[in-house]
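Quick notes on the structure that follows.
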Amino acid sequence: MQKTFIKYTFAIMTSAVLLIFFINLFYMHHTLKTQQLDTFYVKIEQVIHTLENNQSELLLMKENLDQDYLTRAKAAAYVLDRQQEVAMNVSEMQYLAELLDVDEVHVIDENGIIVYSSVSQYIGIDMAGHPQTEAFLVLLEKGEENSYLIQEVQPNAAENKIMQYVGVSGDNRIVQVGFEPKRQLEAQSRNTYNYIFSKFPTDVGEEFFVMDCETGALLGHSGSIEQDASEKQYPFEKLFECSKGVYIKGEDNVYRYIVSRQYEDVLICATLPGEILFHRLLENVFPILFYLIFIETIVILLLYYLVKKKVVDGIHSIIESLSAIADGNLDTKVMVDGNKEFQELSRGINAMVRSIINLSARISSIIEISGAPLAAFEYESGTKPVFVTSGLGELLAISEQQATALYKYASRFDRYIHSLMKKPIKGEKDIYQIGTSRYVRILMTRDDQRYLGVVTDVTKDIIEKQRMQYENTHDSLTGLYKYRYFKQVAKEVLQSMKFEEICAVIMLDLDDFKSVNDTFGHDVGDQYLQSFASVLKDMPAEHFITARRSGDEFCMMLFNCEDKVDITAYLDNFYIALGENQIALSDTQYRTISVSAGYAWTRKDGMDIEELLWRADSALYEMKRETKGYYIGYREKKETKEKTT
């Protein structure tokens, strides 16, 4: 009987396994195709989005540069109108070009001849001799003051060099400035298909290419433009039919899964060899077949066991349940059917276990009545469950489901609680951070293999302590470090520096701050200080420590620098950021904050923080004696760069 039962069971289970396998095979193939189609759709959309973004950025950059170039051309005309002697000297014209940050400056007279120029070999060129230069003669024909022409990027007439020119008319002449369009050309190069594909992540076997919809010419490829994307591999006419993903067999007898999308006058295609999809299919379905066979084997063995074992002895069941309860598995229920005596015994044992469980609930109720934010736990090493009072999960910020899983096994709970206790918060003992806003104190004691612990919520105490620490170390108006705390932090940085690194201390003093207070009031003065502090806070934290010294005096420390060039570069960036930050003094008056600074630098063990501060202070006073609005190093000549306004 047992052999017949197992024989038929094996036949039925094997048929079911094969049916499930083939159904899953077809379903998984469809799913992989759909996933690959979605992946290609997303990536093609990213290519299109990149193209459109690049085009928009290019257009916006051109508009901004055109306005900037026009402003510089008008500035050149303004200077030459008031200082005509500048135009008569090539070196002066070159200096003017350098001052305006342009590559060329030309003056064209009423006859269309370049009479003055920053490029000596251009003097005497007749503008009517080439279409590129001839376009500017329209400004002379109009005869209007302040009319202008912004020419597109193109080769110039003199040297066939790629340039962009802007001309402004006035007083029977044209003032023209020229620029090498490096930024435009670089931006255009980033908008090519090959460039986009070179930066575009592709998975193994994936290829992306673009073809002209009219001619079928290959415009770009994720490998390179030379890579073979021929008619043999990708029949051009069939590519238009691949919008929803199609397998295509090329003349090279290779099946490829291809997805295409038409965008404007091009066809963007994504392809993957069918062999890769096939391998993915096998990787997905064969483990399922293995699991099905494994489950079939287990089920047959279980059925064999159940047939062999006709009746499970009730006494053995009770003994096993009692052993589990003795091991601490209080969730165990004694369930024995068959006769009235076993049922009564089962109910008595279960009632006893419930009484033990209720003890935990009573202890939790006592804690709740006391109102104390604490919870307790107890466990033994091993796989036994954990005894806990209510509220522990809430204190540890874990969900009910997570708590149930943790309490089930003492070994798991032990790993969890000790992982929390590995990282106490800085400066505290037995206090640990839970999540982002909770702090608890965890105290544990061990008796042989038994652990007892108490968890208390100390969030309010820690937050209050942190608030007091913050107020002791930070300026209340600006939020920057206080000067005393700054010196402490700077000293620690100085001691921890590497020998090949340098650092610098910078003392800063706001220029004319008293006049702001006297003219606009202390509220505006406070806003003035806060605005300056916001610029200090925006400096990269990996290089800057900032503080308020007193009143309108501030200080910084620059660290993680390789040489003095790094220091001056960071200071230049600071002054650039300061120049871009304007504060409203009233409804009609705005001002860029002006600050004078002095700095001193050192290597590790070069000098202590007090010496650095003294030197930086000396440099600051030297700066304020000579001029204002920029920075100077200790015992060094003032930087020749133009002051930030």
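Can you tell me how many residues in the stretch 83-111 are under 15 Å from residue 157 (Cβ atoms) and touching a Ser or Thr at 6+ places or on another chain (Cβ under 8 Å)?
We begin by selecting, within the stretch 83-111, every residue under 15 Å from residue 157 (Cβ atoms); these are 104, 106, 108.
Of the ones still in play, those that are also touching a Ser or Thr at 6+ places or on another chain (Cβ under 8 Å) are 104, 106.
Going through the stretch 83-111 one residue at a time, the tally reaches 2.
Here is the figure for the stretch 132-152: residues that are exposed (fewer than 15 other Cβ atoms within 10 Å of the Cβ), of a type outside the set (Val, Ile, Thr) and either modelled with pLDDT under 85 or more than 14 Å from residue 163 (Cβ to Cβ) (or both) total 7.
The rows are residues; the columns are (1) closer than 13 Å to residue 506 by Cα; (2) modelled with pLDDT of 95 or more; (3) among the aliphatic types (A, V, I, L, M).
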residue	(1), (2), (3)
549	yes, no, no
562	no, no, no
581	no, no, no
584	no, no, yes
588	no, no, no
591	no, no, no
605	no, no, no
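Put simply, of 160, 156 the only residue that is without any contact (Cβ under 8 Å) to a residue 40 or more places away in the chain, more than 21 Å from residue 75 (Cα to Cα), loosely packed, with under 14 Cβ neighbours inside 10 Å and of a type in the set (S, T, N, Q) is 160.
One line per residue, one yes/no per condition, for (1) among the aromatic types (Phe, Trp, Tyr); (2) at pLDDT 85 or above:
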| residue | (1), (2) |
| --- | --- |
| 224 | no, no |
| 228 | no, no |
| 232 | no, no |
| 236 | yes, no |
| 239 | no, no |
| 243 | no, no |
| 253 | no, no |
| 260 | no, yes |
| 274 | no, no |
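Anything in the stretch 69-118 that is within 46 Å of the chain's Cα centre (by Cα), within 23 Å of residue 142 (Cβ to Cβ) and among the hydroxyl-bearing types (Ser, Thr, Tyr)? List them, or say none. Residues satisfying the conditions are 69, 71, 78. In this structure, does residue 557 turn out to be part of a strand (DSSP E or B) and either in contact with a strand residue (DSSP E or B) (Cβ under 9 Å, 6 or more places away or on another chain) or touching a residue at least 24 places away in the same chain (Cβ under 8 Å) (or both)? So residue 557 fits the description; yes.
So that you can scan it fast, the table gives a plain yes or no per residue for (1) surrounded by 15 or more Cβ atoms within 10 Å (Cβ to Cβ); (2) β-branched (Val, Ile, Thr); (3) at pLDDT 70 or above:
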| position | (1), (2), (3) |
| --- | --- |
| 356 | no, yes, no |
| 411 | no, no, yes |
| 417 | yes, yes, yes |
| 432 | yes, no, yes |
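For the stretch 419-430, give me the residue count where each residue is outside any helix (DSSP H, G or I) and either exposed (fewer than 11 other Cβ atoms within 10 Å of the Cβ) or more than 31 Å from the chain's Cα centre (by Cα) (or both). Reasoning before the result, please.
Step one: filter the stretch 419-430 for residues outside any helix (DSSP H, G or I), giving 421-430.
The next check asks that each one be either exposed (fewer than 11 other Cβ atoms within 10 Å of the Cβ) or more than 31 Å from the chain's Cα centre (by Cα) (or both); those that pass are 422-423, 426-430.
Result for the stretch 419-430: 7.
Residues of the stretch 96-110 that are touching a residue at least 12 places away in the same chain (Cβ under 8 Å) and of a type in the set (Asp, Glu): 101, 103, 104, 109, 110.
In the stretch 393-409, the residue that is surrounded by the most Cβ atoms within 10 Å (Cβ to Cβ) out of those that are under 21 Å from residue 456 (Cβ atoms) and in contact (Cβ under 8 Å) with a residue 24 or more places away in the chain is 396. Scanning the stretch 476-505 for residues that are surrounded by fewer than 15 Cβ atoms within 10 Å (Cβ to Cβ) and part of a loop (DSSP other than H, G, I, E, B) gives 476, 477, 498, 499, 500. The set of residues from the stretch 411-461 being aromatic (Phe, Trp, Tyr) and free of Cβ contacts under 8 Å to residues at least 12 places away in the same chain comprises just one member, 416.
Could you check the stretch 533-588 and list, in sequence order, the residues that are of a type in the set (Val, Ile, Thr), closer than 25 Å to residue 516 by Cα and surrounded by 14 or more Cβ atoms within 10 Å (Cβ to Cβ)?
Within the stretch 533-588, 535, 546, 583 meet the criteria.
Restricting the search to helices (runs of 4 or more DSSP H) fully inside the stretch 102-210 and requiring at least 2 residues that are more than 30 Å from residue 239 (Cβ to Cβ) gives 131-134, 137-142, 182-189. Anything in the stretch 569-588 that is in contact with a helix residue (DSSP H, G or I) (Cβ under 7 Å, 6 or more places away or on another chain) and not in a helix (DSSP H, G or I)? List them, or say none. The answer is 581, 583, 585, 586. Checking each residue in the stretch 433-464 for being closer than 22 Å to residue 390 by Cβ and assigned to a helix (DSSP H, G or I) picks out 459, 460.
Please indicate, with yes or no, whether at least one residue in the stretch 589-609 is among the aliphatic types (A, V, I, L, M) and in a helix (DSSP H, G or I). Outline the logic, then answer.
The first filter runs over the stretch 589-609 and keeps only residues among the aliphatic types (A, V, I, L, M), leaving 593, 595, 597, 600, 607, 609.
Subsequent filtering for residues that are in a helix (DSSP H, G or I) retains 609.
Looking for residues that are among the aliphatic types (A, V, I, L, M) and in a helix (DSSP H, G or I), one finds at least one in the stretch 589-609, hence yes.
Does residue 462 fit the bill of being surrounded by 14 or more Cβ atoms within 10 Å (Cβ to Cβ), β-branched (Val, Ile, Thr) and under 30 Å from residue 620 (Cα atoms)? Reasoning before the result, please.
Numbers: surrounded by 14 or more Cβ atoms within 10 Å (Cβ to Cβ): yes; β-branched (Val, Ile, Thr): yes; under 30 Å from residue 620 (Cα atoms): no.
So residue 462 does not fit the description; no.
Of all residues in the stretch 269-283, exactly one satisfies the criterion of being in a strand (DSSP E or B) and touching a Leu at 6+ places or on another chain (Cβ under 9 Å), namely 269.
When residues in the stretch 384-412 are screened for being outside any loop (DSSP other than H, G, I, E, B), touching a strand residue (DSSP E or B) at 6+ places or on another chain (Cβ under 6 Å) and under 14 Å from residue 454 (Cα atoms), 4 of them pass.
Identify, please: which residue in the stretch 236-279 is aliphatic (A, V, I, L, M) and in contact (Cβ under 8 Å) with a residue 40 or more places away in the chain and is, among those, farthest from residue 26 (Cα to Cα)? Restricting to residues being aliphatic (A, V, I, L, M) and in contact (Cβ under 8 Å) with a residue 40 or more places away in the chain, the top hit is 266. Examine the stretch 506-517 for a residue that is buried (at least 19 other Cβ atoms within 10 Å of the Cβ), out of contact with any Asp or Glu (no Cβ under 6 Å at 6 or more places or on another chain), of a type outside the set (D, E, K, R) and part of a strand (DSSP E or B), and state whether such a residue exists. Checking the stretch 506-517: at least one residue is buried (at least 19 other Cβ atoms within 10 Å of the Cβ), out of contact with any Asp or Glu (no Cβ under 6 Å at 6 or more places or on another chain), of a type outside the set (D, E, K, R) and part of a strand (DSSP E or B).
Residues of the stretch 2-17 that are surrounded by 12 or more Cβ atoms within 10 Å (Cβ to Cβ) and modelled with pLDDT of 85 or more: 14, 16.
The values are calculated or read from the model by the stated rules, or taken from the named source; none is laboratory data. Since we're looking at a predicted model, the values are computed, not measured. All Cβ positions, glycine included, derive from the backbone under ideal geometry; neighbour counts span all protein chains shown.
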